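This report refers to the structure that appears directly beneath it.
The values are calculated or read from the model by the stated rules, or taken from the named source; none is laboratory data. The structure displayed is predicted, hence computed values, not measured ones. Ideal geometry is used to build each Cβ from the backbone, glycine not excepted, and the neighbour counts take in all protein chains shown. Note: areas computed on protein heavy atoms with side chains; ligands, DNA, RNA excluded. Shrake-Rupley method; radii C 1.70, N 1.55, O 1.52, S 1.80 Å.
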Amino acid sequence: MSTLIKNGRIITAEQDYLADVFIENGKVKTIGLNLDVKADTILDAKGKYVIPGGVDVHTHLDMPFGGTTSCDNFETGTIAAAFGGTTSIIDFATQARGTKMRDALDIWHKKAEGKAAIDYGFHMIVTDLPDAHIEDMSEMVREGVSSFKMFMAYPNALMSDDATIYKAMKHTAKTGALLCMHAENGGVIDVIVQKALAEGKTAPIYHALTRPATAEAEAVNRTIALAQMSGAPVYIVHLSCNDALEKVAEARDKGLPVYAETCPQYLFMSLDDMGKPGFEDAKLVFSPPLREKWNQEKLWIGLKKNTLQVVSTDHCPFCMKEQKELGIGNFTKIPNGGPGIEHRLQLLYQGGVNEKRISLNRWVELCSTTPAKMFGLYPRKGTIAPGSDADIVIWDPEKEYTISVKNHHMAVDYSMYEGRKVKGNADTVLSRGEIIISGNKFIGKPGRGNYVKRDTYAGVWG
Ligand code: URP
Ligand code: ZN
Ligand code: ZN
């Protein structure tokens, strides 16, 4: 099977040039001007960008959480991702307390097999780490699960204490794996939450109002200190506010291997989007919560200056009906999470490139190249180069689109960005050389996605 993409403008993290791309057996074979080759399929990309497929390193598909299960499974979630130009995801397998990480990994493999439409890897959420089981982490690394997530939030559920986090970091420092942290001070938040409930403050907005930015900044600071003491690099997930960003900037100024991602919800929404009547705000209940609006521009500057290196989605969708509704009358019972896997590239393109906050190269770097590098997928994913997987998006910069529950492909009954207009969208999407999205249609097959064993984090760069 061979494909020739002709006349496109190739955009990678470093380059921007006109060329044809010849693909054979799922890999990029040759790149050059006016390639004189025979191909089974020819795609004309004139006037369009040819970019590496998006890499979303933070998704929760088919995940039991908050008394229910996230409503996109590996089929619906990966198809929705593909529509938006994402061709690889790294999803979170969750170790149930009292079980081995291997058990969780087996469960997540079963969830994905036969369903995933694009390639996928796993991180492991560590909830239980007795000394006798620390080598479970090495086993995970050998299985290609080269990153772990731990929580400083959600007491009595997912939260780990500092000693356990430190032990895990000592391990990642040794093996080259990457520790990812959900940084919010769960203990303090819990006290604030109980006080709010006792005062009858039960509406969804109190989820946001009981999780102060300082609780995130404190936890980021503690994470950095633990990482420094253990000699490990660390990656802060879903960073939401300037207070936390400043802690990351300070650490990076000292030359520490501290990295962080943010997500579109923190760049495009704020507390101003909450305060709607009734139970509507439940659509925007996730953690960390939305912040005051002024934080948004600070995060954009963080992306521009490389204080933040990655944009992921933290896609963790729950329908309003029967799922978010579990929290009517008590915001603590609203399952935490929001949908976003389909719209990361479009939103970043609109708010970043169209609105002149970041360059085209930086857009590719944030959505594809750096996530692939950070999590051991590069150069197989995250670039367009001879030998790399032909995970390629033909991007139409002129295509206008209104984000809505009416036209999205996620299995969730609302959109966080309902009615938002964007210009620029995926036109044709190839995964390992196979066209899976063409002209607004999914033409791939569920189950065609492969598990990708990831290498370890590549060391300190950037
Ligand atoms: O509210 C969120 N973010 N839900 C997903 C789980 C997590 O903490 O990433
Ligand atoms: Zn988290
Ligand atoms: Zn998450």
From A116, A198, residue being within 22 Å of S88 (Cβ to Cβ), away from ligand 3 (no atom under 15 Å from the Cβ) and aliphatic (A, V, I, L, M): A116
Of residues in the range 422-462 being modelled with pLDDT under 95 and aliphatic (A, V, I, L, M), the one farthest from V50 (Cα to Cα): V460
Condition broken by M320, with the remaining ones in (1) surrounded by 24 or more Cβ atoms within 10 Å (Cβ to Cβ); (2) in contact with a helix residue (DSSP H, G or I) (Cβ under 7 Å, 6 or more places away or on another chain) satisfied: (1)
S287 within 16 Å of ligand 3 (Cβ to nearest atom), of a type outside the set (D, E, K, R) and surrounded by fewer than 24 Cβ atoms within 10 Å (Cβ to Cβ): yes
Answer residue from the range 174-189, given it is more than 16 Å from ligand 3 (Cβ to nearest atom) and within 20 Å of A219 (Cβ to Cβ) and is least open to solvent (accessible area, probe 1.4 Å) among those: I189
Residues being outside any loop (DSSP other than H, G, I, E, B) and in contact with a Lys or Arg (Cβ under 9 Å, 6 or more places away or on another chain) - total across the range 95-128: 6
From the options D128, D136, D162, residue that is out of contact with any helix residue (DSSP H, G or I) (no Cβ under 7 Å at 6 or more places or on another chain), away from ligand 3 (no atom under 16 Å from the Cβ) and among the acidic types (D, E): D128
Residue list for the range 284-300, restricted to those being over 23 Å from F151 (Cβ atoms) and within 19 Å of the chain's Cα centre (by Cα): Q296, W300
Test: residue in the range 128-148 that is surrounded by fewer than 24 Cβ atoms within 10 Å (Cβ to Cβ) and within 16 Å of ligand 1 (Cβ to nearest atom): no
Some residue of the range 144-159 being of a type in the set (D, E, K, R) and more than 16 Å from ligand 2 (Cβ to nearest atom): no
Filter result (among the charged types (D, E, K, R) and open to solvent by 10 Å² or more (accessible area, probe 1.4 Å)) within the range 63-91: E75
Top-ranked residue of the range 325-352 - restricted to ones that are within 14 Å of ligand 1 (Cβ to nearest atom) and closer than 16 Å to M269 by Cβ, ranked as surrounded by the most Cβ atoms within 10 Å (Cβ to Cβ): P339
Residue list for the range 190-238, filter: within 16 Å of ligand 1 (Cβ to nearest atom), open to solvent by 50 Å² or more (accessible area, probe 1.4 Å) and touching a helix residue (DSSP H, G or I) at 6+ places or on another chain (Cβ under 7 Å): Y206
